[in-house]
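Quick notes on the structure that follows.
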Amino acid sequence: MPTRIARFAACTLLAAASALTGAAHAQTPWPTRPITIIVPGAPGGTTDVPARLIAKKLNTLLGQSVIVDNKPGGGGILGVQALLRAPADGYTLLLGNTGSNAINYSVYKQLQYKPQDFVALTDAISFPNVLVVNAQSPIQSVAELIAELKKKPGELSFPSSGIGQTTHLTGELFALRTATKAIHVPYRGSTPATTSLLSGETSFMFDNLVQSLAQIRAGKLRALAVTSAQRMPHLPDVPTMAEAGVSDFIVTGWLGFFIAADTPQPIVAKLTDSLRQVLKDPEVVARFEDLGGIPGGQPQAAFAEFVEHDRARWAETIKAANVHLD
């Protein structure tokens, strides 16, 4: 039979070994394998382009491959669900947006996720929408578009990057503010939505400025107005919606990084710091500004507060427009 002293010594050694094991586990370096950024949109779209630039910079900073995984559809829901199915270990991020992480909570009657399922890390980029028509369209101004909509109620159509996305709800808000009616045509992402306008399949669109700026500059789309409070430096001759005669119409979209709520705090902190460092990179700042956006990089607490405020604001708009989905 072991003596009491022997038993005590054995327990002490076991406790010490456990403590050392726990300490070693806590100090395990992160990351040690590739990281995936889920983009709830189509390749080449509004969310995809910034994601790939950030992934490239994050790869260099962390010394691990950063993969962009496009999962369009369902108003961003498919991408969000992919994040929540992955382990909460910091190796899977979501580049969410106004639709997936603010609008969906109010527009969908039954949603399989809630704000508490995520940690908001930092914003990536923000941008206004821009009202555009095909450059071959005879419509030259917002007033002419309103007149055409009233002349042909329910005949003109507008595309969006998905049901419940800002490109959809901004169109609904426009109909509400102007007492007009148009057909909404949802697509699986911003690129196919913009393509439908370029091909003449749809009539007008409240596109993300980041998505449509190149087409406007190329003369393929005509910008009628921007949804920001002031004119945009990239389009100094394009009026705001207020200047074009539609009041109470300021809409700003954003992209931001989210991670599963159960992710260990040290990983959350390191990831947030790394993302903010990337977003302050001069090349990233210049590229985002060239796209027509405002670079992000808010502290975690500030971004989380911003997301919650935006969620509440869109809830009011959705209620007023009576937009609901199953």
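The values are calculated or read from the model by the stated rules, or taken from the named source; none is laboratory data. Being a predicted model, the structure only gives us computed values, none of them experimental. With ideal geometry, Cβ positions are generated from the backbone for all residues, glycine too; neighbour counts draw on all protein chains shown.
So is THR36 surrounded by fewer than 16 Cβ atoms within 10 Å (Cβ to Cβ), modelled with pLDDT of 95 or more and either farther than 21 Å from ASP310 by Cβ or under 12 Å from the mean Cα position of the chain (by Cα) (or both) or not? Spell out the reasoning first.
Working: surrounded by fewer than 16 Cβ atoms within 10 Å (Cβ to Cβ): no; modelled with pLDDT of 95 or more: yes; either farther than 21 Å from ASP310 by Cβ or under 12 Å from the mean Cα position of the chain (by Cα) (or both): yes.
Here the answer is no, as THR36 does not meet what is asked.
Just for region 71-98: of the residues that are closer than 20 Å to GLN165 by Cβ and assigned to a loop (DSSP other than H, G, I, E, B), which one is modelled with the lowest pLDDT?
The residue in question is GLY73.
Given the options ALA214, ALA218, name the one that is under 23 Å from the mean Cα position of the chain (by Cα), assigned by TED's automatic domain parsing to the domain that holds THR178 and surrounded by fewer than 16 Cβ atoms within 10 Å (Cβ to Cβ). Don't jump to the end; show me each part of the working.
Values: ALA218 fails: under 23 Å from the mean Cα position of the chain (by Cα).
Exactly one residue qualifies, and that residue is ALA214.
Being surrounded by 17 or more Cβ atoms within 10 Å (Cβ to Cβ) and either closer than 27 Å to ASP48 by Cβ or of a type in the set (Ser, Thr, Tyr) (or both) is the requirement here; does ALA135 meet it? Before you say what the answer is, go through the steps one by one.
Values: surrounded by 17 or more Cβ atoms within 10 Å (Cβ to Cβ): no; either closer than 27 Å to ASP48 by Cβ or of a type in the set (Ser, Thr, Tyr) (or both): yes.
In short, no.
What are the pairs, 6+ residues apart or on separate chains, where a residue within region 297-323 that is hydroxyl-bearing (Ser, Thr, Tyr) has its Cβ under 7 Å from a residue that is surrounded by 15 or more Cβ atoms within 10 Å (Cβ to Cβ) and at pLDDT 85 or above?
THR317/LEU169; THR317/LEU173
Looking at region 235-250, can you tell me whether even one residue there is modelled with pLDDT of 95 or more, part of a strand (DSSP E or B) and in the same structural domain as ALA88 (by TED's automatic domain parsing)?
Checking region 235-250: not a single residue is modelled with pLDDT of 95 or more, part of a strand (DSSP E or B) and in the same structural domain as ALA88 (by TED's automatic domain parsing).
For region 213-234, give me each residue that is part of a helix (DSSP H, G or I) and among the hydrophobic types (A, V, I, L, M, F, W, C). Please lay out each step first, then the result.
Narrowing region 213-234 to residues part of a helix (DSSP H, G or I): 213-217.
Selection gives LEU213, ALA214, ILE216.
So which of VAL323, VAL268, VAL285, VAL278 is within 23 Å of PRO128 (Cβ to Cβ) and not in a loop (DSSP other than H, G, I, E, B)? Let's see the steps before the verdict.
Details: VAL323 fails: not in a loop (DSSP other than H, G, I, E, B); VAL268 fails: within 23 Å of PRO128 (Cβ to Cβ); VAL278 fails: within 23 Å of PRO128 (Cβ to Cβ).
So the residue among VAL323, VAL268, VAL285, VAL278 that is within 23 Å of PRO128 (Cβ to Cβ) and not in a loop (DSSP other than H, G, I, E, B) is VAL285.
Would it be correct to say that ASP123 is among the charged types (D, E, K, R), within 24 Å of GLY296 (Cα to Cα) and touching a residue at least 60 places away in the same chain (Cβ under 8 Å)? First the steps, then the outcome.
Values: among the charged types (D, E, K, R): yes; within 24 Å of GLY296 (Cα to Cα): yes; touching a residue at least 60 places away in the same chain (Cβ under 8 Å): yes.
The answer is yes for ASP123.
Suppose we filter region 29-58 for residues that are assigned to a loop (DSSP other than H, G, I, E, B) and either of a type in the set (Gly, Ala, Ser) or free of Cβ contacts under 8 Å to residues at least 40 places away in the same chain (or both); how many remain? Spell out the reasoning first.
The first filter runs over region 29-58 and keeps only residues assigned to a loop (DSSP other than H, G, I, E, B), leaving 29-34, 40-47.
Now restrict to residues that are either of a type in the set (Gly, Ala, Ser) or free of Cβ contacts under 8 Å to residues at least 40 places away in the same chain (or both): 29, 32, 41-42, 44-45.
Residues meeting the conditions: 6.
Out of VAL284, VAL268, I need the residue that is surrounded by fewer than 20 Cβ atoms within 10 Å (Cβ to Cβ) and among the hydrophobic types (A, V, I, L, M, F, W, C). Which one?
From the options VAL284, VAL268, the qualifying one is VAL268.
Scan region 108-130 and tell me whether some residue there is at pLDDT 95 or above, among the basic types (Lys, Arg) and either within 22 Å of the chain's Cα centre (by Cα) or buried (at least 17 other Cβ atoms within 10 Å of the Cβ) (or both).
There is at least one residue in region 108-130 that is at pLDDT 95 or above, among the basic types (Lys, Arg) and either within 22 Å of the chain's Cα centre (by Cα) or buried (at least 17 other Cβ atoms within 10 Å of the Cβ) (or both).
Going by what's in this entry, would GLY63 be described as assigned by TED's automatic domain parsing to the domain that holds PRO299, small (Gly, Ala, Ser) and more than 20 Å from GLY292 (Cα to Cα)?
It is true that GLY63 is assigned by TED's automatic domain parsing to the domain that holds PRO299, small (Gly, Ala, Ser) and more than 20 Å from GLY292 (Cα to Cα).
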